[in-house]
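Below you'll find the structure, written out as C-alpha coordinates, and then a few comments.
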Amino acid sequence: KPLTPSLQHGDKVSSACFSPDGRWVLTASADLTARLWSANSGEPFGMPMKHEDAVLWAQFSPDCQRVLTASEDKAARLWDLPTVTDKDTAEEIRLLADLARSHE
(Lines give C-alpha, C1' and ligand atoms only; values in the text may rest on other atoms or scores of the structure.)
Protein backbone atom coordinates (compact mmCIF):
# COMPACT_ATOMS: atom_id res chain seq x y z
CA LYS A 1 0.00 0.00 0.00
CA PRO A 2 1.22 3.55 -0.64
CA LEU A 3 3.06 5.16 2.29
CA THR A 4 2.36 8.76 1.21
CA PRO A 5 -0.01 10.56 -1.12
CA SER A 6 1.10 10.66 -4.77
CA LEU A 7 4.05 12.94 -5.47
CA GLN A 8 2.06 14.79 -8.09
CA HIS A 9 3.41 16.84 -11.00
CA GLY A 10 1.47 18.62 -13.74
CA ASP A 11 2.77 16.24 -16.44
CA LYS A 12 4.54 12.88 -16.73
CA VAL A 13 7.35 12.08 -14.31
CA SER A 14 10.59 11.07 -16.03
CA SER A 15 12.69 10.14 -12.98
CA ALA A 16 12.49 9.71 -9.22
CA CYS A 17 15.17 8.86 -6.65
CA PHE A 18 15.79 8.81 -2.91
CA SER A 19 18.40 11.06 -1.35
CA PRO A 20 21.51 9.24 -0.07
CA ASP A 21 20.26 9.71 3.52
CA GLY A 22 16.75 8.43 2.67
CA ARG A 23 14.97 11.56 3.94
CA TRP A 24 13.96 13.00 0.57
CA VAL A 25 12.60 12.00 -2.82
CA LEU A 26 13.58 13.95 -5.92
CA THR A 27 11.40 13.86 -9.03
CA ALA A 28 11.85 15.24 -12.56
CA SER A 29 8.92 15.98 -14.83
CA ALA A 30 7.77 17.07 -18.26
CA ASP A 31 5.99 19.95 -16.44
CA LEU A 32 9.37 21.80 -16.66
CA THR A 33 10.24 21.18 -13.00
CA ALA A 34 12.13 18.96 -10.60
CA ARG A 35 10.68 18.75 -7.07
CA LEU A 36 11.91 17.76 -3.64
CA TRP A 37 9.53 15.79 -1.38
CA SER A 38 9.64 14.50 2.18
CA ALA A 39 10.05 10.72 2.06
CA ASN A 40 8.09 10.45 5.33
CA SER A 41 5.04 12.55 4.47
CA GLY A 42 5.10 13.00 0.69
CA GLU A 43 4.85 16.78 1.20
CA PRO A 44 6.67 18.99 -1.33
CA PHE A 45 9.58 20.96 0.10
CA GLY A 46 11.09 24.17 -1.21
CA MET A 47 10.42 25.80 -4.54
CA PRO A 48 10.24 23.82 -7.80
CA MET A 49 13.51 23.73 -9.75
CA LYS A 50 12.40 25.15 -13.11
CA HIS A 51 13.74 24.71 -16.64
CA GLU A 52 12.60 26.01 -20.04
CA ASP A 53 11.59 22.50 -21.22
CA ALA A 54 10.91 19.04 -19.76
CA VAL A 55 13.24 17.94 -16.99
CA LEU A 56 14.46 14.48 -17.94
CA TRP A 57 16.58 13.59 -14.94
CA ALA A 58 17.56 14.82 -11.48
CA GLN A 59 20.09 13.48 -8.97
CA PHE A 60 21.32 14.37 -5.48
CA SER A 61 24.94 15.11 -4.72
CA PRO A 62 26.46 12.52 -2.34
CA ASP A 63 26.24 15.01 0.59
CA CYS A 64 22.56 15.88 -0.15
CA GLN A 65 23.44 19.59 -0.40
CA ARG A 66 22.83 20.00 -4.14
CA VAL A 67 20.76 18.64 -6.99
CA LEU A 68 21.81 18.29 -10.62
CA THR A 69 19.03 18.46 -13.23
CA ALA A 70 19.13 17.77 -16.97
CA SER A 71 16.49 19.10 -19.35
CA GLU A 72 15.39 19.02 -22.96
CA ASP A 73 16.15 22.76 -22.95
CA LYS A 74 19.79 21.73 -23.61
CA ALA A 75 20.85 22.71 -20.09
CA ALA A 76 22.03 20.97 -16.98
CA ARG A 77 21.66 23.01 -13.79
CA LEU A 78 23.14 22.67 -10.33
CA TRP A 79 20.87 23.72 -7.44
CA ASP A 80 21.53 24.38 -3.75
CA LEU A 81 19.00 22.65 -1.51
CA PRO A 82 17.35 24.23 1.51
CA THR A 83 19.11 23.21 4.71
CA VAL A 84 17.01 20.94 6.88
CA THR A 85 18.40 19.76 10.20
CA ASP A 86 17.22 17.20 12.70
CA LYS A 87 15.85 20.10 14.75
CA ASP A 88 13.28 20.88 12.06
CA THR A 89 9.89 19.54 13.00
CA ALA A 90 7.30 18.02 10.71
CA GLU A 91 5.14 21.08 11.38
CA GLU A 92 7.91 23.44 10.19
CA ILE A 93 8.40 21.35 7.06
CA ARG A 94 4.63 21.44 6.35
CA LEU A 95 4.63 25.23 6.82
CA LEU A 96 7.51 25.63 4.35
CA ALA A 97 5.72 23.31 1.88
CA ASP A 98 2.53 25.42 2.18
CA LEU A 99 4.54 28.60 1.57
CA ALA A 100 6.15 27.06 -1.52
CA ARG A 101 2.75 26.05 -2.92
CA SER A 102 1.37 29.56 -2.36
CA HIS A 103 4.14 31.01 -4.60
CA GLU A 104 3.51 28.67 -7.56
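The values are calculated or read from the model by the stated rules, or taken from the named source; none is laboratory data. The model shown is predicted, which means the values in this text are computed figures rather than measured ones. Here the Cβ positions follow ideal geometry from the backbone for every residue, glycine too, while neighbour counts run over all protein chains shown. Remember, those area values only see protein heavy atoms, side chains included, never the ligands or the DNA or RNA. Shrake-Rupley method; radii C 1.70, N 1.55, O 1.52, S 1.80 Å.
Annotation: amide H of residue 45 within the under-5 Å range of 36, 37, 38, sequence separation 5 or more or interchain, hydrogens built in the peptide plane. Highest-first packing order for the peptide set 70-81, 30-41, 49-60 is 30-41, 49-60, 70-81, based on the mean count of other beta carbon atoms within 10 Å. Amide H contacts of residue 57 (H built 1.01 Å from N, in plane; Pro and chain starts excluded): 70 sit under 5 Å, all sequence-distant by 5 or more or on other chains.
Spread over its residues, the convex hull of the C-alpha atoms of the stretch 23-85 is 74 Å³ per residue. Counting only protein heavy atoms and a probe of 1.4 Å, the accessible surface of the stretch 31-72 is 49% carbon and sulfur.
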